[in-house]
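**Student:** Here it is, the structure, as structure tokens.
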């Protein structure tokens with residue numbers, strides 16, 4: 001079971017989107033999400049879908065993967081959709097038994113549902129085309145101007161990088177501990193919620209002890225290699241903006257402009 | 001009743017492009033009270049096999065009969081299997097979690113549903129079997145103990161469940177020579193006192209040669225050899241091809257033989273090798 | 001920042017993420033019961049847990065199926081709660097309270113406004129708070145008790 005968990009959603013590729021600077025992608029994703037909440041009608045969504053589709057096309061990520069990201073929240077989407085449809089008050093369209101579907105309900109259901117889907121797809125494009133390591137780098141660079149007001153950008157990014165590196169290791173440890181305790185009769189599956197909660201102690205405590213043991217070794221190794229924090233630390237692969245990033249940024253600005261115009265002027 | 005494994009097959013990630021056949025058509029028998037060793041190169045399937053024996057994994061096909069009951073049957077309750085088959089993983093001290101040694105060892109018996117009195121009995125017994133004193137360490141935190149002691153407490157935690165079959169995966173891994181000997185002595189004591197069946201998985205050929213009465217050899221998911229230690233270790237070339245080696249005593253006499261020294265037999269222990277060499281010297 | 005502090009924070013983050021990923025179906029979505037939230041008691045034992053939990057939540061959300069808004073609001077809620085739990089470290093019974101409140105009051109409205117969950121706002125808040133309480137009090141409090149006796153590993 002553990003072996004089948006693919007870490008994050010990164011889909012390897014060398015498309016134009018993959019090649020963009022992570023900072024550009026992060027900022028554009030932010031902008032995209034904001035614009036989603038500026039849209040007021042389905043025409044606005046149509047423009048969004050067109051823009052998103054072109055981006056997906058450029059990224060060369062198969063549609064199968066895009067929709068895989070929706071799977072876990074599939075039920076939420078259905079839930080949102082259905083309840084909106086049946087519980088919104090307004091002009092009655094259809095009456096089935098004791099449930100009423102109103103015109104407003106139908107409209108809301110589709111509107112909210114679509115917005116949610118577009119939100120998730122847009123965000124997953126970011127994680128699908130950017131390696132977690134590069135995302136971390138991008139975040140660190142974006143946050144570094146805030147160092148002046150005390151945000152420890154480098155340290156946070158470093159923590160993230162180390163954490164990412166150790167997740168597979170800890171997943172294995174958890175597996176080993178779980179099996180060892182199960183061999184002693186531990187049961188993580190039966191019982192009510194509270195009982196199952198308590199049964200996790202024989203799993204969590206040894207996991208922590210192991211995790212901190214690993215931390216100890218790592219700290220020693222880092223200091224042995226003269227790690228002293230982020231000041232004056234250089235990079236192996238320096239991040240630079242390319243004309244591609246400028247192009248993407250302009251495209252994004254153009255998109256938001258169109259959305260705003262469509263929603264508020266026309 | 002002996003444990004019977006019949007045509008056990010297990011495939012990891014079946015259906016995926018990276019699926020691996022971990023076990024292929026494995027069959028063997030463990031006689032009651034025997035001391036059996038399993039050897040095999042890393043990746044040969046040893047860990048997978050032992051996890052099937054105590055029900056942690058279910059096979060794709062095949063049966064495992066314990067006391068006449070097929071434990072691969074989905075309706076068999078895991079709790080019953082764990083009572084009969086105990087499994088000590090590698091580096092078992094990493095499973096310690098309780099506040100005191102006594103409570104940690106009691107974890108297993110309590111999970112089996114034993115009463116508090118019975119459990120207390122078992123804890124004392126188990127500690128004695130592993131060579132530790134209940135008075136001295138019973139109430140101490142398991143994390144305050146030395147590495148060797150921690151391991152013994154962890155093993156005690158499984159022994160306290162009084163399994164009919166005790167499986168140990170590399171019980172001497174990472175220990176210094178003295179602690180290594182202590183653990184081996186512990187295993188012998190448990191085997192003698194509890195009269196159970198012991199299955200020892202190890203890379204240490206010397207341990208296997210000295211302690212087991214039957215050896216199973218695994219290679220790439222298949223069981224390729226079965227026999228007494230002497231029988232198995234006499235097939236030297238085959239073992240080397242599989243990436244395994246002889247026990248140190250035999251390796252030594254083999255290298256002497258290569259230099260023309262005429263020694264008979266295959267000593268399984270250092271003592272045997274001593275006698276052989278002494279005998280040869282006597283004849284000169 | 002001292003290396004040890006950094007590394008401690010990193011492994012706490014890694015444990016949080018590992019546990020969240022492990023129990024994937026439960027960890028994401030409207031009906032969140034994140035076992036890993038039990039770790040929110042850790043700031044009472046080590047200040048490194050404050051950034052550690054923040055990063056852990058951030059990475060877990062990043063690697064999961066949720067949107068950007070979840071990533072930001074979820075981690076912010078965790079950060080605020082961790083700070084508060086740290087301040088309350090001398091009152092064990094109150095330590096799990098901040099995450100219950102923070103998540104309830106931040107994630108609850110998020111579900112209502114962003115995900116348009118069509119139940120009243122107060123229901124959203126209560127629902128999230130309940131899930132948190134089970135994890136933080138049900139698992140977190142016993143965890144805190146056990147780990148308090150092992151404080152030495154946090155040095």
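**Student:** Do you know which of the residues in segment B:96-107 that are at the interface with another protein chain (Cβ under 7 Å from one of its Cβ atoms) and at pLDDT below 90 is nearest to residue B:183 (Cα to Cα)?
**Tutor:** Out of the qualifying residues, it is B:97.
**Student:** Which is more than 11 Å from chain A (Cβ to nearest Cβ), modelled with pLDDT of 85 or more and closer than 23 Å to residue C:95 by Cα, of C:126, C:143?
**Tutor:** C:126
Per-residue answers, yes or no, for (1) under 19 Å from residue A:210 (Cα atoms); (2) touching a strand residue (DSSP E or B) at 6+ places or on another chain (Cβ under 6 Å); (3) within 14 Å of chain B (Cβ to nearest Cβ); (4) surrounded by fewer than 22 Cβ atoms within 10 Å (Cβ to Cβ):
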site	(1), (2), (3), (4)
A:148	no, no, no, yes
A:153	no, no, no, yes
A:163	yes, no, no, no
A:169	yes, no, yes, yes
A:176	yes, no, yes, yes
A:179	yes, no, yes, yes
A:189	no, no, yes, yes
A:195	no, no, yes, yes
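**Student:** Let me ask something else about it. Tell me which helices (runs of 4 or more DSSP H) are completely within segment B:131-200 and hold 1 or more residues being within 14 Å of chain A (Cβ to nearest Cβ) and touching a helix residue (DSSP H, G or I) at 6+ places or on another chain (Cβ under 6 Å), or say none if there are none.
**Tutor:** B:147-159
**Student:** If residue B:224 satisfies every condition in (1) buried (at least 18 other Cβ atoms within 10 Å of the Cβ); (2) in a strand (DSSP E or B) but one, which is the exception?
**Tutor:** (1)
**Student:** OK, next. Within segment B:63-85, does at least one residue satisfy the condition of being within 14 Å of chain A (Cβ to nearest Cβ), more than 23 Å from residue B:33 (Cβ to Cβ), modelled with pLDDT of 85 or more and surrounded by fewer than 20 Cβ atoms within 10 Å (Cβ to Cβ)?
**Tutor:** No, there is no match, as no residue in segment B:63-85 is within 14 Å of chain A (Cβ to nearest Cβ), more than 23 Å from residue B:33 (Cβ to Cβ), modelled with pLDDT of 85 or more and surrounded by fewer than 20 Cβ atoms within 10 Å (Cβ to Cβ).
The rows are residues; the columns are (1) closer than 28 Å to residue A:165 by Cα; (2) part of a loop (DSSP other than H, G, I, E, B); (3) touching a helix residue (DSSP H, G or I) at 6+ places or on another chain (Cβ under 8 Å); (4) facing chain A (nearest Cβ under 10 Å).
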residue	(1), (2), (3), (4)
C:59	yes, no, yes, yes
C:77	yes, no, yes, no
C:101	no, no, yes, no
C:108	no, no, yes, no
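**Student:** Additional query: Picking from A:228, A:196, A:165, which residue would you name as being outside any helix (DSSP H, G or I), out of contact with any helix residue (DSSP H, G or I) (no Cβ under 6 Å at 6 or more places or on another chain) and without any contact (Cβ under 8 Å) to a residue 40 or more places away in the chain?
**Tutor:** Just a single option satisfies the conditions, and that option is A:228.
The values are calculated or read from the model by the stated rules, or taken from the named source; none is laboratory data. Not measured: the values here are computed from a predicted model. With ideal geometry, Cβ positions are generated from the backbone for all residues, glycine too; neighbour counts draw on all protein chains shown.
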